[in-house]
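I have placed the structure first, in the form of C-alpha cells, so that the comments after it can refer back to it.
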Amino acid sequence: MARRCIFLDRDGVINASVERDGRLVSPTSLADFRIFSDVDAAIRSLRHRGFLVIVVTNQPDVATGRIKQETVEAMHAVLRDRLAVDDILVCYHVDNDDCQCRKPRPGMLLDAARRYDIDLASSYLVGDRWRDILAGDAAGCFTILVAGGDNELSVTPGLVVNSLSSAAEFILGNVGAREFHDGTTF
C-alpha cells in the first residue's frame, strides 16, 4: 500500500531565512541556522499519524559559491539530529542548469515517490515560495503556503498558514476527509 507524505521546504518552513540585500534567503552559516521552535512537535505529530516527512530543498548557493556543500550538509545533520525527518532531498543547481530536480519542477517529489512508494495524491507539500507550490501542484500534492516567503507569481495554494504547526493542525484535522480540486476525497 502506498504511503502518505508531508514534503517540507526547508528555509522559511523549518528554519528561519536570513535577510540579505532586502530579500529573505537561505542561511549561509551554521551560526545563522535557526530551527523554528514549533517544528519538532509538528513533525512528530505528523509522523505519529503515519506520514512520512521528507524535506525537499533548493540550495543554489552551493553552485554560485556563496556556501560550501559541506556547510549545507552540516545543517542537514542538525535537522536529522533534532527532527524526526525521514529524508532530506537537495537540489544544488541554479535555474540555468535546467535540471528536473530544481523546484518548481517536481523531480525531488517524484524521486521520493518512487523510492518510498508514496501516493502523491494523498500527500502534502508545505513551502513558503511560489516554486514550492508549483512543484507540489505538478506532483499532484495538496499545497500549503507558509506566509512570509515570496509569492511573486501569485500562485494559488490549497491553503495559506502562518507556520508549519498551523499546517500540521490542518492536515491532521483533515486526514481521511480531504477534498481535492477534482472533487475526490480520501
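Derivation of every value follows stated rules applied to the coordinates shown; laboratory data play no part. All of these numbers come straight from a predicted model, not from anything done at the bench. Cβ coordinates were reconstructed from backbone atoms using ideal geometry, including for glycine residues, and neighbour counts include every protein chain displayed.
Between segment 71-109 and segment 45-69, how far is it from one alpha carbon centroid to the other, in angstrom?
4
Could you please report the charge total around residue 79, scoring K, R as +1 and D, E as -1 over all other residues with beta-carbon less than 13 angstrom from its beta-carbon?
Charge balance near residue 79 sits at -3.
Starting from the Cα of residue 172, step 7 Å toward the Cβ, then list every residue of segment 34-73 with an amide N under 19 Å from that point.
Label zone hits: 36-55.
Which value, in debye to the nearest 20, describes the size of the charge dipole of the chain about its Cα centre when Lys and Arg Cβ atoms bear +1, Asp and Glu Cβ atoms bear -1, and nothing else is charged?
Charge dipole, the chain, about its Cα centre: 380 debye, nearest 20.
Given R₀ = 22 Å, what would the calculated FRET efficiency be for residue 94 paired with residue 159, taking r from the Cβ atoms and rounding to 0.05?
Here the calculated transfer efficiency is 0.15.
Once amide H atoms are placed 1.01 Å from N in the peptide plane, what residues at a sequence separation of 5 or more from residue 91, or on another chain, have their amide H within under 5 Å of its amide H?
57, 58, 59
Where Lys and Arg each count +1 and Asp and Glu each count -1, what net charge lies around residue 157 among other residues with Cβ under 11 Å from its Cβ?
Summing Lys/Arg as +1 and Asp/Glu as -1 gives -2.
Using a cut-off of 12 Å between beta-carbons, work out the net charge of the residues near residue 51 (Lys and Arg +1, Asp and Glu -1, residue 51 not included).
+3
Volume per residue, Å³, of the convex hull around the alpha-carbon atoms of segment 1-122?
Cα convex hull per residue, to the nearest whole number: 113 Å³.
Given 0.36 nm per residue, what is the gain on full extension from residue 80 to residue 24 after removing their alpha carbon distance, in nm?
17.8 nm is the gain from fully extending residue 80 to residue 24.
For the chain, what is the mean residue ellipticity at 222 nm derived from helices alone (per DSSP H run of n ≥ 4: -39500 (n - 2.57); sum divided by total residues; nearest 500 deg cm²/dmol)?
-9000 deg cm²/dmol
Amide H neighbours of residue 62 under 5 Å, at least 5 residues apart or on other chains, H built in the peptide plane: list them.
Correct list: 67.
Could you please state, rounded to a whole Å, how far the C-alpha centre of segment 4-20 is from the C-alpha centre of segment 122-139?
12
Under 10 Å, Cα contacts only: if you run a Gaussian network model on the chain, which one of 77, 168, 113 comes out with the highest mean-square fluctuation?
Residue with maximal mean-square fluctuation among 77, 168, 113: 77.
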